[in-house]
Amino acid sequence: MSSSILRLALPSPLRRLFDYLPPIGIARAALLPGMRLRVPFGRREVIGILVEVTDQSEVPMEKLKPALELLDSKPPLPAPLFKLCLWTAQYYQHSLGDTLSWALPVLLRQGEPAEARQERYWRLVDGASPDDPRLARAPRQREALKAIAQHAHGLPHALLSKLQLNKDSLDLLLEKGLVRIESRRSRPSREHSGSWLLQAELTLNAQQRAAFEAVNAGLGGFQAFLLAGVTGSGKTEVYLQLIHRVLEAGKQALVLIPEINLGPQTLARFEQRFNARIALLHSNVNDRERLDAWLAARDGEADIIIGTRSALFTPMKNPGLIIIDEEHDASYKQQEGLRYHARDLALLRARQENLPILLGSATPSLESLHNAHSGRYALLKLTQRAGNAQSPRFMRLDVKSRPLDAGISGPLQQAIGQTLAAGQQVLVYLNRRGFAPTLLCHDCGWLSQCPRCDARMTLHQRHNELRCHHCGHVERPPRNCPDCGKVDLRPVGAGTERAEERLGILFPDYPVLRIDRDSTARKGAMEQMIGTINRGEPCLLVGTQMLAKGHHFPRVTLVAILDADGGLFSADFRASERMAQLIVQVAGRAGRADEPGKVIIQTHLADHPLLVQLTEQGYFAFAEQALSERRAAGLPPFSHLALLRAEAQKPGQAEAFLDDACSLAEQLLEQLQLNGVELLGPIPAPMERRAGRYRAQLLLQGNARASLHRLMGAWVPMLEQLPGGRAVRWSVDVDPIDL
Ligand code: ADP
């Protein structure tokens, strides 16, 4: 006799499926891939997702356990998305169960019904009346019946306690057959009606129109577009007008945005423009809101879906277009667990679901530019700012041997003073939070080293703390040097707190607003500061990356970058690309309205060719140069990488595991006769000790993606069996962006 065996993906890091028998009393025909089942797993119960039903198992029949409960009557995840998850797990060499956990809203993983929220209502059955003789001696039941009778559409169960109705009385009415319970959606679905537009569309300029027409002509099927438009060139206006067409065609648009405080601003822009049902999926929405938004998108009750990285996995009933704004942004790559890149997966999704996809950026990633050059993406360019705004002018300010006061040179101080006096705003960018990146003993050279990491602790003066930005360790700054006991401890270098303090002293007549992760931690703080900035009075803004992205500050005419040198001599081959993107994005905050903008870059390397090219010829000239250097060095996008990271309590353990992994890979390369894959390492991680653990890594580099992935497919599951693996935590990062 053959029986049905269910192969389930469970929330486990193991890269395998688990076999169960169907729940008692459930027929095979009722079981479809993608459905959720509650199953016993060890001593716990977990929720698994059915991948397939087969007849055979490697586990002896008598050892198989039945699943406890089938949670769905139809698969919650539509077939194309389920397929995307299968592909994702395979491509990123990740457990399928865990992949599905990242892709599904939390409440679905916890077993919540995958339907719009249901509520219970109490209703009278036909003919029931308070005069029923059976109620003659039951005054409470009679009262309850009267209360229910007053609600033509049923009395919501949630109102019972408010109306002080006794549940027992209701149960007795139920027993007598005078009332019944009905479950239905608590909120009826909102239908769209009327015109899609709430405000008139701007008249596109010639370049915007060309970009719009190109994508509009391709709205029917898969095609990838890269909209490379300088900051303020009106990319968002192009998105909005395309979305209008999508809505008119009765379809939905998915818009991914980076994980920074863009949410409220972006949302406002969409809400001002459209009379449409907008679903929002970002890290600040709670689990219930997320599930509601997800369901609305899936069931066609949301027209526009806006979200960060993981919103890529939102199902859509009628998808029409995917837009990835700021496609170069690093937050699209998840750096823990399932290390996926939302942009890359969105491309795959667009192809699978036959949709157009539009990537937009003022500073496209070298990967995307390469794809545009090779014809995989259609390149659309916007080279001029929209409206009256002009592009900002760059100035490299050589600070070699100039005194710096909290990182600010004399000429910069002057320029800031002039701008403020002219009634305009100034933005000062610096990529370090806190007061100073380290505390130093002037007598003996002691440094505020983190006890758990190979890194220094940052002084946060406002809270009187030393904090490690890598592991979160916090301690009070010592009064005396822990080594020599002297009292001459000095903060070295400048972070945003120090720049804020100093600028406040230098320009006492103007407000200084600091915008970084610390100052905006409080809910609403960011909105409040943005409100102040938008009032337009002269002021100084000091901040980190948070200030660099997406904001539209019409009164900022001077942008100062305090230190551009880090990106020019880092060991990571992507550092210069990141630096260039950052400079251009920060610079893009300058002069977005009628006044022209100016950007001052303080540097010790004023003649560095990349910096010269970037500031004199612009990002695209820089990118061409950087791409030709990548090609010469055989680095991505001209090769493909995967990184095996390992960390352990004791020194040497991670390396030993990676050594074994490396030998295994060498054997496999030979067995499978794969060429063009190189194994580099193992080597210690750039920060070898972090949060008390010793870390190392092994890099795999392949000329062709296919051979690299064939190797990975065989190799990674075998790593789970390596004996040295027990003492280490390891992870695989396919297409890593941080080396
Ligand atoms: P980007 O997304 O490229 O940074 P935006 O779409 O935010 O650019 O546009 C920058 C500014 O220019 C906005 O204030 C926008 O309203 C304005 N703008 C965009 N397109 C036009 C246009 N065709 N005519 C006039 N103003 C425009």
One residue from Glu289, Glu271 being within 23 Å of Glu191 (Cα to Cα), of a type outside the set (A, V, I, L, M) and within 16 Å of the ligand (Cβ to nearest atom): Glu271
Subset of the stretch 385-420 (residues that are in contact (Cβ under 8 Å) with a residue 24 or more places away in the chain, open to solvent by 80 Å² or more (accessible area, probe 1.4 Å) and under 22 Å from Pro596 (Cβ atoms)): Asn388, Gln390, Arg393
Any hit, the stretch 166-183, residues being in contact (Cβ under 8 Å) with a residue 60 or more places away in the chain, among the β-branched types (Val, Ile, Thr) and surrounded by fewer than 15 Cβ atoms within 10 Å (Cβ to Cβ): yes
Residue that is surrounded by the fewest Cβ atoms within 10 Å (Cβ to Cβ) [pool: residues in the stretch 359-378 that are among the aliphatic types (A, V, I, L, M) and touching a Lys or Arg at 6+ places or on another chain (Cβ under 9 Å)]: Ala362
Which numbered condition Arg339 misses (of (1) open to solvent by 10 Å² or more (accessible area, probe 1.4 Å); (2) farther than 15 Å from Trp102 by Cα; (3) at pLDDT 95 or above): (2)
Among residues of the stretch 5-43, those that are over 18 Å from Leu104 (Cβ atoms), part of a strand (DSSP E or B) and in contact with a helix residue (DSSP H, G or I) (Cβ under 6 Å, 6 or more places away or on another chain), counted: 0
Failed condition for Pro554, given (1) in a loop (DSSP other than H, G, I, E, B); (2) away from the ligand (no atom under 16 Å from the Cβ); (3) farther than 26 Å from Gln613 by Cα: (2)
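Okay, residues lined up against (1) touching a Leu at 6+ places or on another chain (Cβ under 7 Å); (2) over 29 Å from Ala642 (Cβ atoms):
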| residue | (1), (2) |
| --- | --- |
| Arg7 | yes, no |
| Pro11 | no, no |
| Arg16 | no, no |
| Asp19 | yes, yes |
| Ala27 | no, yes |
| Gly34 | yes, no |
| Pro76 | yes, yes |
Tally of residues being of a type in the set (Phe, Trp, Tyr) and within 18 Å of Arg351 (Cβ to Cβ) across the stretch 197-226: 2
Positions within the stretch 506-549 being open to solvent by less than 30 Å² (accessible area, probe 1.4 Å), in a loop (DSSP other than H, G, I, E, B) and within 16 Å of the ligand (Cβ to nearest atom), in sequence order: Gly536, Ala548
Close pairs (8 angstrom Cβ cut-off, 6 or more residues apart or separate chains): in contact (Cβ under 8 Å) with a residue 24 or more places away in the chain and hydrophobic (A, V, I, L, M, F, W, C) in the stretch 718-738, in a loop (DSSP other than H, G, I, E, B) and surrounded by fewer than 15 Cβ atoms within 10 Å (Cβ to Cβ) anywhere: Ala727/Gln649; Ala727/Lys650
Boolean, Gly725 is more than 28 Å from the chain's Cα centre (by Cα) and surrounded by fewer than 20 Cβ atoms within 10 Å (Cβ to Cβ): yes
The stretch 580-612, residues that are within 31 Å of the chain's Cα centre (by Cα), open to solvent by 10 Å² or more (accessible area, probe 1.4 Å) and away from the ligand (no atom under 15 Å from the Cβ): Leu582, Leu610
Single condition Tyr239 does not satisfy, out of (1) of a type in the set (Phe, Trp, Tyr); (2) away from the ligand (no atom under 14 Å from the Cβ); (3) under 21 Å from the mean Cα position of the chain (by Cα): (2)
Residue ID - nearest to the chain's Cα centre (by Cα), chosen from residues in the stretch 656-679 that are closer than 17 Å to Ala704 by Cβ and part of a helix (DSSP H, G or I): Ala665
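If we only count strands (runs of 3 or more DSSP E) wholly inside the stretch 347-459, which ones have 2 or more residues that are away from the ligand (no atom under 16 Å from the Cβ)?
Where strands (runs of 3 or more DSSP E) fall fully within the stretch 347-459 and carry at least 2 residues being away from the ligand (no atom under 16 Å from the Cβ), they are 356-361, 393-398, 425-429, 438-441.
The values are calculated or read from the model by the stated rules, or taken from the named source; none is laboratory data. Being a predicted model, the structure only gives us computed values, none of them experimental. Cβ sites come from the backbone with ideal geometry, for glycine too, and all protein chains shown count toward neighbours. The area values use the complete protein model at the heavy-atom level, side chains included, leaving out ligands, DNA and RNA. Shrake-Rupley method; radii C 1.70, N 1.55, O 1.52, S 1.80 Å.
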